[in-house]
Amino acid sequence: MAAKASKGKPKALDRREVVRMLLDKRGDLLVIAGLGAPAWDATAAVDHPLNFPLWGGMGGAAAIGLGLALAQPDRRVLVLTGDGELLMGMGSLATIGAQRPRNLSVVVLDNERYGETGMQASHTAFGVDLAAAAKACSFVSTKMLTTIDQVGRLRVDIHRADGPLFAQVKVAADKLPLVLPPRDGAHLKDRFREALLGKDAHFQR
Amino acid sequence: MRTHWSQGLHQLFKQQGIRQVSFVPDAGHAALIGLCEADRELRAVRLTTEEEGIALAVGAWLGGDKSVLLMQSSGVGNCINMISMLSACQVPLAMIVTMRGDWAEFNPWQVPMGQATSNVLEEMGVLVTRADREEDILPLAEGALRIAYNTLRPAALLIGQRLLGAKTFDN
């Protein structure tokens, strides 16, 4: 199968460990987590009010990150999403590239699978290079990561580098225990806005 | 010369504290898009497809920015599933939709989506109003913005093709 890792390749990374590292010492980082495994990964690291985990809106994670990054230019915004989720919204790479938000990072946890529907192969299993697509869309920095050492460096870049930054992290296609965030979208939105904007958030109209 | 409705909408956006205006380039919205792009207090965001505008609005609201999505009726079809997020999360958004396929349309492929636009929006829980006279655009747009942001839900104003045909395509 084209999707199978061949011998001699480095062992694919553990997605939960990658996300734990990326969210370590997160400071005031704002996090959007795409539906499915990235939302469970972010929640497994910590269920934080400044996480906005998605239960739907497939293909929308990067564009949500853009709207947030434009609204909060002095804060760093991290979109954590999956390869299938990003593939559904690839046009948003072009939209982000045209806007060039310096404070936005998009990190794709690429297991080359549609994990929630039965681990069917995604396009990245057949050679589609998302980091190259992001580069072609004018992202300032694009990376393909395959080792855990590179993840530590990526964490620093998410907080400091001039973006927009894109990273495709190759992770193992493991089916991990679900760690679910709250399901009520209005609650997730309200707690995020209150943590970011204060109590005044509830009076904005 | 009479003031074009686009200028009124641009001023309305400013009065209502709109910060992000997203769009796919569109003939009916061309003048308004131009005004928004030239305004340094507004962030004009060019989309590749209208559903990005729904997601963008969710992110904008998370960050405290009010936004407006400008699109053509065909774009409404591109947004359907993403609109779920507005309802599920009670995120406000005003959409201004220029109609195709409802009056003197020359392109048969525009008719199916144009005829379905209002129903599709309503089925997804969007409050819909429609302007067929120029003098109605501003008050209805203000109503859509206010009901969206005061009651935390999506609202759309449709601008009829007869009005647009008379005012925009013939220019």
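Points worth noting:
- For B:Phe13, A:Phe166, A:Phe203, order by how many other beta-carbon atoms lie within 10 Å, fewest first: A:Phe203, B:Phe13, A:Phe166
- Neighbourhood net charge (12 Å Cβ-Cβ; Lys/Arg +1, Asp/Glu -1) for A:Leu197: +1
- The Cα-based radius of gyration of the stretch A:137-205, divided by its Kirkwood radius, gives an Rg/Rh of 1.11.
- Annotation: amide H-H contacts under 5 Å for B:Leu158 (H modelled 1.01 Å from N, sequence separation of 5 or more, or interchain): B:Val97, B:Thr129, B:Arg130, B:Ala131.
- Build a GNM of chain A with springs between Cα atoms under 10 Å apart, and of A:Lys135, A:Lys25, A:Lys170 the one that fluctuates most is A:Lys25.
- Over chain A, DSSP H runs of length four or greater, each weighted -39,500 (n - 2.57), average out per residue to a 222 nm ellipticity of -10500 deg cm²/dmol.
- By other beta-carbon atoms within 10 Å, ranking B:Trp61, B:Trp5 with the fewest at the front produces B:Trp5, B:Trp61.
- Over the C-alpha atoms of the stretch A:1-113, the Rg to Rh ratio, Rh being the Kirkwood estimate, stands at 0.99.
- Mean separation of Cα contacts under 8 Å, 6 or more apart, over the residue count of the stretch B:1-84: relative contact order %: 34 percent
- Using the Cβ of A:Gln150 as centre and a radius below 12 Å, the other residues enclosed give a net charge of +2, where K and R count +1 and D and E count -1.
- Taking label positions 7 Å along the Cα-Cβ direction at both B:Gln7 and B:Ile80, the computed distance is 4.1 nm, reported to one decimal.
- Two-site FRET efficiency, A:Met119 against A:Lys199, from Cβ-Cβ distance with R₀ of 51 Å, rounded to 0.05: 0.70
- Within 10 Å of the Cβ of each residue in B:82-89, the mean number of Cβ atoms contributed by other protein chains is 6.
- Among B:Ile147, B:Ile80, the order by Cβ neighbours within 10 angstrom, fewest to most, reads B:Ile80, B:Ile147.
- For the stretch A:41-190: rounded, prolate or oblate by the Cα gyration tensor [a/c cutoff 1.5]: rounded
- Working from Cα pairs under 8 Å separated by at least six residues, relative contact order for the stretch B:90-134 is 22 percent.
- Whether the stretch B:48-171 is rounded, prolate or oblate, judged on the alpha carbon gyration tensor where a/c under 1.5 counts as rounded: prolate
- Shielding of peptide A:82-89 by partners, expressed as the average count of other chain Cβ atoms within 10 Å per residue Cβ, is 1.
- Average Cα contact separation per residue, chain A, under 8 Å, 6 or more apart, as relative contact order %: 25 percent
- Computed [θ] at 222 nm, helices only, for chain B once each DSSP H run of length n ≥ 4 contributes -39500 (n - 2.57): -14500 deg cm²/dmol
- Ellipsoid equivalent to the protein assembly as shown - semi-axes via the Cα gyration tensor, in Å: 38, 22, 18
- For A:Val46, net neighbour charge (Lys/Arg +1, Asp/Glu -1) across residues whose Cβ lies under 15 Å away: +1
- Computed from the Cβ-Cβ distance with R0 of 35 Å, the FRET efficiency linking A:Thr146 to B:Glu122 stands at 0.10.
- Between B:Arg40 and B:Ser87, the modelled label-to-label distance comes to 4.3 nm, taking each label 7 Å out from Cα in the direction of the beta carbon.
- Rounded FRET efficiency, nearest 0.05, which uses the C-beta distance separating A:Arg100 from A:Val156 and R0 of 25 Å: 0.75
- Restraint check, A:Lys143/B:Lys66; A:Lys175/A:Lys199; A:Lys143/A:Lys175; A:Lys199/B:Lys14; A:Lys11/A:Lys189, Cα-Cα greater than 30 Å: A:Lys143/B:Lys66; A:Lys175/A:Lys199; A:Lys11/A:Lys189
Rule-based calculations on the coordinates, nothing more; no lab input. Bear in mind the structure is a predicted one, so any value in this text is a computation, not a measurement. Because the Cβ atoms are built from the backbone with ideal geometry, glycine has one as well, and the counts that use them run over all protein chains shown.
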